[in-house]
Each structure stands twice: as C-alpha cells, then as structure tokens.
Amino acid sequence: MATYTRRDFIKLTSIAAAGIGLSSCAALKTKWPAAAASLTRSATLPTKNAVSLATWSLNRTYAAGLWTLKDIHRICREDFDIAGVEYVTHFFTDVRDLYLKELNKAADEYGVKNVLIMVDREGDMVSKDKKTRMQAAINHRKWVEIAAYLGCHGIRCNATVAQGLPEGNETPEQDPGGLDRAVESFSALLDYAEEFNINILVENHGSKLSRNPQWLVALARKLNHPLFGLLPDFAIFDVSTEEEIYEAIRLTMPYAKGASVKGRWLPDGTHTRYDLEKGLRIAKESGFKGYWGIESGIRRPANYYDSKSPEEIKKDEWQAVLWTKAAIEKVVLKGS
C-alpha cells in the first residue's frame, strides 16, 4: 500500500487549516449547562460483539470529495451493512450544535451507532515539558464533550510524543520517565471525562513508547481507572516477527475497550505479514466484547492512487472494508 499518513491526509484536505471552529468547543460546556451528558444518548460500552467502521478506511475517497461526514451513516448501512461508526477528528468540518445534531439524526435514521472519536493533533500527552502535556490534556476536553453529545462511548487518544521529533524514537528503556508523564496527563483527562462517563482509549501508534505492548499494559495498570482502556491496532506494534504480533495482541486485549482490526490486503484478497483470522481469534479469546473496528486498505505501490480516478480509489477502499468485515464475521460473530 502507498504510504499515506494522517499528515498526508491533512495536506490533501483543508480541514485542519480551514478554521472549523474547534476553539469554539470550549464554549460547549456553557452552551450545554452542567454537562453534555444531559443531552447524550447511551454512552455505555456494548456487551455484544458488533462491527464498526473507522472512517479512516475511506480517507482517500473522502479527500477526493466522494462523501462527507454526513454521509457516513448511510454508507455504513447501505454499502456495508455495518452497525457502528468510528469518527476521526480530521473529518469534522464543523462542531457546532446544528452539525452535531445532523450527525445524530443520520445515526438514528440508518440505525448506526456512533461508537468513538479518534483524536489526533491535539498535543503531546507525553511531552517532557509539563506545561505542554497538561495543555494537551485540556485540548482533548472538547472531544470528550462532543463524544458525549454524539452518544459515543469514548475517545481514542495518542500516548505519544510529537511525531517527527527525536524523542519519538526513544524506547521505554531510553525514556523511563515517559510512563509517569503519561499517567499524569491521562489522569487529568480522566478526571474531566468522569463527568461525561466517556472512556479514554489509547492506541498503539506514534512513538516507540506507545507502540510497545508492555508499555501500554503498564500504563493501563498504573492508571487503574474504570474509564481507561486500550484500542489495540493489530498491525502496528513495535515488534519484529509475526509471533510477536500475536503476543502483543494477547498482552493488550485484556485491557481493551475497542479493537482496531487492521486489514492490510493485497489486490488478490490475500493478507500478508500476519494472519488476520488468527489475530482475531486471539483477540476474541481475551474475552473482549464490543465493536470490532475496521481499519483497512489494499497494499499498492507508492503513488499508485495519484493517477487513479475517485471511482477507482473507491473500488479499492470498499473492497478492503468488505474483506475485513468478512473476516470479523467469520471469526468473531459466528456463534456469538
């Protein structure tokens, strides 16, 4: 698959620099007196297994203008028959009441649950500068409120230093203080999230700290908070071998409040680097029940999509979702 990062995505879209009014979210709590929880739908964790779609799976077609966030519930139901959606902050073009109400209306119309919001670019929660990391915790508050308003059970954060800086390549052994710094900032965010009953999840991407499964488990244990959990992405742990991928899944899934099922397909429908179905079986054996989030794509040569039409891009993205969904249904949902 072409290398296509969230940074590339932001360059392709104008959302991050378009003045979408995220700073206005600071006023949401005063606009919703006391708490957004008074307006929310159920934000509790599901007790049955279901499939959700991470909107990142369709990021190229979004960038190509084939759909907007208001279309995602229709796409989930009509194109994939998927029951849940996982938002990514880059896709929000507005966060004012009217826009959020329209998302809730679409969710109700198509019977698709708003599951969680994946939050990016809101600051460094593990910065070596205390002011920086505590400001990052404050920056995430607006997404806690938005998640509550949309009826999501949680937000996904990054326990990472700023990407691109040298400390992003430091292992837990090279940065032994990183764990305590993360505990400090996430504790502050959890204190805020308690008012809204919103879970705070950490995914294993970004720095070598956050992609280390042992470090993530240590973070969950040290925080020991009922609203804290992990969102293991099966494919991006900082490990070297296929067996280490499976072991990382075994280690992290007992602390999971979500699962990011990374389908990295070849064009012929085969799945390389690791056995996706085996990874799903290991995750299921952990006892996790909830939404199994599809984050998928087809592996193509670098710059492959630069010369492709939006419809050709759509064909790949839709196919990858369907293949990943089929694997989840086969391993997880059958007999559940």
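The values are calculated or read from the model by the stated rules, or taken from the named source; none is laboratory data. Note that this is a predicted model, so its numbers are computed, not measured. No Cβ is skipped: glycine too gets one built from the backbone with ideal geometry, and neighbour counts run over all protein chains shown.
From the list Lys142, Lys130, which residue is in contact (Cβ under 8 Å) with a residue 24 or more places away in the chain, surrounded by fewer than 16 Cβ atoms within 10 Å (Cβ to Cβ) and farther than 18 Å from Leu216 by Cβ? Reasoning before the result, please.
Values: Lys142 fails: surrounded by fewer than 16 Cβ atoms within 10 Å (Cβ to Cβ).
Checking each option against the conditions leaves just Lys130.
Are any of the residues in segment 209-232 at pLDDT 95 or above, among the small types (Gly, Ala, Ser) and touching a strand residue (DSSP E or B) at 6+ places or on another chain (Cβ under 9 Å)? The answer is yes, given that some residue of segment 209-232 is at pLDDT 95 or above, among the small types (Gly, Ala, Ser) and touching a strand residue (DSSP E or B) at 6+ places or on another chain (Cβ under 9 Å). Can you confirm whether segment 54-73 contains a residue that is in contact (Cβ under 8 Å) with a residue 40 or more places away in the chain, touching a Leu at 6+ places or on another chain (Cβ under 7 Å) and closer than 30 Å to Lys315 by Cβ? Yes: segment 54-73 contains one or more residues that are in contact (Cβ under 8 Å) with a residue 40 or more places away in the chain, touching a Leu at 6+ places or on another chain (Cβ under 7 Å) and closer than 30 Å to Lys315 by Cβ. Only one entry in Gly151, Gly206, Gly177, Gly164 is modelled with pLDDT of 95 or more and at positive phi, namely Gly151. The number of residues in segment 195-216 that are within 20 Å of the chain's Cα centre (by Cα) and within 24 Å of Cys152 (Cα to Cα) comes to 13.
Conditions (1) small (Gly, Ala, Ser); (2) within 20 Å of the chain's Cα centre (by Cα); (3) within 22 Å of Arg74 (Cα to Cα), marked per residue:
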residue	(1), (2), (3)
His271	no, no, no
Lys278	no, no, no
Ile282	no, no, no
Glu285	no, no, no
Ala302	yes, no, no
Tyr305	no, no, no
Lys308	no, no, no
Ile313	no, no, yes
Asp316	no, no, yes
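Here's a check for you: in segment 289-315, which residue that is assigned to a loop (DSSP other than H, G, I, E, B) and without any contact (Cβ under 8 Å) to a residue 40 or more places away in the chain is surrounded by the most Cβ atoms within 10 Å (Cβ to Cβ)?
Filtering first and then ranking leaves Lys308.
In segment 32-145, which helices (runs of 4 or more DSSP H) lie fully inside it and hold 2 or more residues that are under 15 Å from Arg156 (Cα atoms) and at pLDDT 95 or above?
130-139
Considering only residues in segment 243-273 that are assigned to a loop (DSSP other than H, G, I, E, B) and touching a residue at least 60 places away in the same chain (Cβ under 8 Å), the one that is surrounded by the fewest Cβ atoms within 10 Å (Cβ to Cβ) turns out to be Lys257.
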